[in-house]
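This report refers to the structure that appears directly beneath it.
The values are calculated or read from the model by the stated rules, or taken from the named source; none is laboratory data. Everything numeric in this text was worked out from a predicted model, so none of it was measured. So basically every Cβ, Gly included, is an ideal-geometry build from the backbone, and we count neighbours across all protein chains shown.
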Amino acid sequence: MAEVGYPLEGRGEDVAGRAFHNGRFVMQLRKAAKSVESVDVTQATVKKLLNVDGGEWADGGALCRT
């Protein structure tokens, strides 16, 4: 178990966080994807998130249209 501190200033008492170790799960997904001939696997670093209109995403905004 690891303890992670959250900035609580200005927040209510109902703030909670959850984490889980998913390294093996993700590695198996990558392995499965790489085994499919029509799939190209690309590794990248996310620099920012965009909203549905292409502008910078703001907390609580929509990332994609459903």
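At-a-glance table
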| item | result |
| --- | --- |
| Extreme residue, farthest from Y6 (Cα to Cα), among residues of the stretch 53-62 that are modelled with pLDDT under 80 and surrounded by 10 or more Cβ atoms within 10 Å (Cβ to Cβ) | A62 |
| Members of the stretch 8-46 that are of a type in the set (D, E, K, R) and loosely packed, with under 10 Cβ neighbours inside 10 Å | E9, R11, E13, D14, R18, R24, E37, D40 |
